[in-house]
Amino acid sequence: MNNYRELLKDKKKIVVKIGSSSITHEETGNINYKKLDKLVRILCDLKNRGKDVVLVSSGAIAVGRQAVGMKERTSVLAEKQACAAIGQCRLMMTYQKFFSEYNQIAAQVLLTKYTMMHDDSFINASNTFEELFKLGAIPVVNENDTVATYEIAYGDNDKLSALVSAMVGADLLILLSDIDGLFTDDPNINPEAEFIEIVDKIDDKYRDMAKDSNSKVGTGGMAAKLAAATIATDAGVDMVIANSRDIDVISRITDGENVGTLFLAHKVDGYNIQDYLE
Ligand code: GLU
């Protein structure tokens, strides 16, 4: 078991996904600069260790809503998209500021399900990532919320980050969440719930355990994380779900410490990303 953790030290291409609730203050919904700064600093350190790094960050809608003083979450698509348009550039401006402080180049990549569905756009996006790695840039990815409608939306960035991991040929995906990892039951409700350190193969037993968490800000619950784990591990990507409470958890995972739930990769022959789009 520890051997699997040791192997995480040698990963070369790492995708980190962070959700809206992890980068905003719970009380106000405003950006949590301290956390964002720490996140960027750790990613820059991974880059300095010679790894390729991708950040998949949510937060466009939450940050945009805050910017225009919209108190409640809206279900009106155009309002969400307008908030995303406002929030995405505010979010990128903040990331850009921190990345440049650590002397790194950030690159914004916005994707929709269409990007994955059609060969032309898929190849274009893959080539862009490839070129960004060559240039030493750190791609910061989000869904292109302003053009995505319900039919074409990924639905959540957990799945998006898994698809991106498969697309770029990553060897590790770190999904940061507001929970420590996978439990046998919802630990907020059932005190007997046991923590699972490692998942060799995702099956119905695990899917049954993944009850939806009640995050007020993001969209992905534990079921979405398991769906992401299936996409990633089938593509040959190891995945760790860990708690974003302390952002240092990223360094601990990449130093081989036993934190979070590790889902082991088992590459499926003839893996086709389009089979996972629904
Ligand atoms: N793309 C959405 C945003 O940036 C978030 C999706 C999600 O929370 O998973 O606001």
statement: Rounded to 0.05, the calculated FRET efficiency for the beta carbons of residue 277 and residue 135 at R₀ = 35 Å is 0.75
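In debye, nearest 20: dipole of region 1-159 around its Cα centre with unit charges on the Cβ of K, R (+) and D, E (-)?
In debye, rounded to 20, region 1-159 gives about 620.
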message: Please compute the Kirkwood hydrodynamic radius of region 76-146 from all pairs of different C-alpha atoms, in Å with one decimal.
response: 13.4
- line: Expressed as a percent, the portion of alpha-carbon pairs in region 48-113 spaced more than 16 Å apart is 53
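In the structure shown, do any of 38/267; 17/97; 17/113; 71/97; 17/159; 9/47 have a Cα-Cα gap over 21 Å, and if so which?
Working: 38/267 33 Å; 17/97 19 Å; 17/113 17 Å; 71/97 27 Å; 17/159 10 Å; 9/47 13 Å.
As for pairs spanning more than 21 Å Cα to Cα, those are 38/267; 71/97.
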message: Using DSSP to call loops (not H, G, I, E or B), can you name the GluC sites (Glu not before Pro) in region 102-155 whose Cβ has at most 13 other Cβ atoms within 10 angstrom?
response: 151
statement: So for R0 = 22 Å, FRET eff. of residue 7-residue 102 from the Cβ-Cβ r, to 0.05, ends up at 0.20
query: Please state the equivalent ellipsoid semi-axes for region 8-95: what are the square roots of 5 times the Cα gyration tensor eigenvalues, largest first, in whole Å?
result: 29, 13, 10
field: residue 201 versus residue 77: modelled label distance in nm, points set 7 Å from Cα along the beta carbon direction
entry: 4.0
- request: Pick out, from 76, 236, 271, the residue whose Cα sits farthest towards the positive end of the charge dipole of the chain, with +1 on the Cβ of Lys and Arg and -1 on the Cβ of Asp and Glu.
  value: 76
statement: The orientation-averaged projected area of the Cα convex hull of the chain, in nm², is 14.0
- prompt: Which loop GluC sites (Glu not before Pro) in region 1-99, with loop taken from DSSP, have no more than 14 other Cβ atoms within 10 angstrom of their Cβ?
  reply: 26, 27, 72
statement: Under the Karplus relation with 6.51, -1.76 and 1.60 and θ = phi - 60°, whole-Hz ³J(HN,Hα) for region 78-91, x at Gly and Pro, equal 4, 5, 4, 5, 5, 4, 5, 5, 6, x, 4, 6, 5, 5
statement: For region 65-170 the chymotrypsin sites (Phe, Trp or Tyr not before Pro) that pass both the DSSP coil test and the at-most-11 other-Cβ-within-10 Å test are 150
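Computed from the coordinates by the stated procedures, all read-outs in this text should not be read as laboratory data. In this text, all values refer to a predicted model and were calculated from it rather than measured experimentally. For neighbour counting, all protein chains shown are included, and Cβ atoms are generated from backbone atoms with ideal geometry for every residue, glycine included.
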